[in-house]
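Data first, discussion second: the structure below is written as structure tokens.
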Amino acid sequence: MMEPITTLTPTQTEALIRKLTALADDEIILAHRDGEWTGHAPILEEDIALANIAQDELGHATLYLDLRRALDGCDADRLAFFRGADEYTNVRLVELPKGDWAFTMLRQFLFDAYEALWLSAAQKSNYVPLAEIAAKAVREEKFHLQHTALWVERLALGTEESRRRMQNALNELWPHVAQLFAPLPGEADLVAVGILPELEKVRASWESFVLPHLTEKCDLLLPMVPAQAQEGREVHTEHLAPLLAEMQSVARQHANAEVW
Amino acid sequence: MTTAHVTPEQVWTALAAVPDPEIPVVSVTDMGMVRDVTVDGGHVTVTFTPTFSGCPALHVIRDSIGEAVRALGVEDVEVRSTLTPPWTTDWIQPDARERLRQYGIAPPAPAEASPLITLDPDPTRCPRCGSLNVRMTASFGPTLCKRLYVCDSCREPFEGFKSV
């Protein structure tokens, strides 16, 4: 066990700010996509469940941005509501349109497994503020993972139609998962000193959980896709800008309001 | 107006009357949310730990704690939040569990150290008739801390606390 790190070098601070922002951006954008189901989910209980999950993910974004605020004094609301698509650093997986219920549940499952395992590893960070929020958030994340793992199974093994939709969702989403495990500039240095978990290790544990669930338990076929993400988090699909336009419209119209 | 001098015990007593905004039959101390009270001359610091990170009632809880201490005549109140150790349902007081049950919310099973990935729900009893013949009907409820159940013995739907 390495000694706790209490002071960061300027380079480490910059890299950690980049990472915390990326982590928060994933949560904000995914929460928005989940929130698009509010009032539209197939049954009332799932409407409530997805709203709960979205609320938790926003809670996690707040935890990450609170850590960033301690480093650079940032304002979480301004970051969320006044940055454009070219400044957001979420993975492309989370910004894709909400699709059907199979797509939504599978995306959430793939992300939940990644988040739960990343947080689980981050509990051992020697940067204490990160270890603390990881210990908090991982307890919440496991409820998401239980829920979405069961939905993926239910649809994959359900009717011909539900299975077809789940397989389609997997084909569409799978090329985007590699980006979750692509390190950011400067991240390797933070891993080397024990501040951040190593993404390759998280990926290995993710695969040992996700792959058997999809193939053995749910009898789905894994698509053949490139092994690595091609582009960085500054490159987005055409879907992010319209999402932000909607998400930010109230805040931008009432820029001086204290509560949106 | 001069600031009153209070003891930590007086502050704890005042906080024991601050209800959880979403479950009014229990207080913030019943829930184990208040972690520490310090009194330094006229300056009172209350440290609390949030239940769920996305709980929309957090700012209400923070404000209510501040108001309860100010009601004792203390002007200089600081309400801090801490995440360490993370809140667990194991901190809910035994008599508060009984009040939850009487209110119709099944209290949480022991959380302890459970494996990260468990697909089996915790055993839950119907808060009205005590039967274990219950079904979870939704794994998320009207608030982040609860799930929905129905009892197959007495036919009543009810809410149950998640074990965290």
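The values are calculated or read from the model by the stated rules, or taken from the named source; none is laboratory data. The structure displayed is predicted, hence computed values, not measured ones. Every residue, glycine among them, receives a Cβ derived from its backbone with ideal geometry; neighbour counts consider all protein chains shown. For accessibility, only protein heavy atoms count, side chains too; no ligands or nucleic acids. Shrake-Rupley method; radii C 1.70, N 1.55, O 1.52, S 1.80 Å.
Given the conditions (1) open to solvent by 10 Å² or more (accessible area, probe 1.4 Å); (2) modelled with pLDDT of 95 or more; (3) not acidic (Asp, Glu), which single one is not true for B:VAL44?
Tallying (1) open to solvent by 10 Å² or more (accessible area, probe 1.4 Å); (2) modelled with pLDDT of 95 or more; (3) not acidic (Asp, Glu), B:VAL44 fails exactly one: (1).
Using the structure shown, decide if A:LEU130 is in contact with a helix residue (DSSP H, G or I) (Cβ under 9 Å, 6 or more places away or on another chain), closer than 30 Å to A:GLU14 by Cα, within 14 Å of chain B (Cβ to nearest Cβ) and modelled with pLDDT of 95 or more. Break it down stepwise before answering.
Numbers: in contact with a helix residue (DSSP H, G or I) (Cβ under 9 Å, 6 or more places away or on another chain): yes; closer than 30 Å to A:GLU14 by Cα: yes; within 14 Å of chain B (Cβ to nearest Cβ): yes; modelled with pLDDT of 95 or more: yes.
In short, yes.
Yes or no: B:LEU72 surrounded by 14 or more Cβ atoms within 10 Å (Cβ to Cβ) and within 14 Å of chain A (Cβ to nearest Cβ)? I'd like the intermediate steps shown before the answer.
On the way: surrounded by 14 or more Cβ atoms within 10 Å (Cβ to Cβ): yes; within 14 Å of chain A (Cβ to nearest Cβ): no.
Answer is no for this residue.
Can you list residue pairs whose Cβ atoms sit under 7 Å apart, with the first residue in the stretch B:9-20 being free of Cβ contacts under 8 Å to residues at least 60 places away in the same chain and the second being open to solvent by 70 Å² or more (accessible area, probe 1.4 Å)? Count only pairs 6 or more apart in sequence or on different chains.
B:ALA14/B:ALA71
Scanning the stretch B:68-84 for residues that are in contact (Cβ under 8 Å) with a residue 12 or more places away in the chain and part of a helix (DSSP H, G or I), which turns out farthest from A:ALA54 (Cα to Cα)?
So, considering only residues that are in contact (Cβ under 8 Å) with a residue 12 or more places away in the chain and part of a helix (DSSP H, G or I), the one farthest from A:ALA54 (Cα to Cα) is B:VAL69.
Which residues, counting only those in the stretch A:184-203, are out of contact with any Phe, Trp or Tyr (no Cβ under 8 Å at 6 or more places or on another chain) and exposed (fewer than 13 other Cβ atoms within 10 Å of the Cβ)?
Answer for the stretch A:184-203, where residues must be out of contact with any Phe, Trp or Tyr (no Cβ under 8 Å at 6 or more places or on another chain) and exposed (fewer than 13 other Cβ atoms within 10 Å of the Cβ): A:PRO185, A:ALA192.
Only strands (runs of 3 or more DSSP E) wholly contained in the stretch B:85-164 count here; list those with 2 or more residues that are at pLDDT 90 or above and more than 14 Å from chain A (Cβ to nearest Cβ).
none
Against the definition (in a helix (DSSP H, G or I) and within 23 Å of B:THR88 (Cα to Cα)), how does A:ALA134 come out, yes or no?
Yes, satisfied.
Looking only at the stretch A:70-94, which residues are under 20 Å from the mean Cα position of the chain (by Cα), within 14 Å of chain B (Cβ to nearest Cβ) and open to solvent by 40 Å² or more (accessible area, probe 1.4 Å)?
Correct list: A:ASP77 only.
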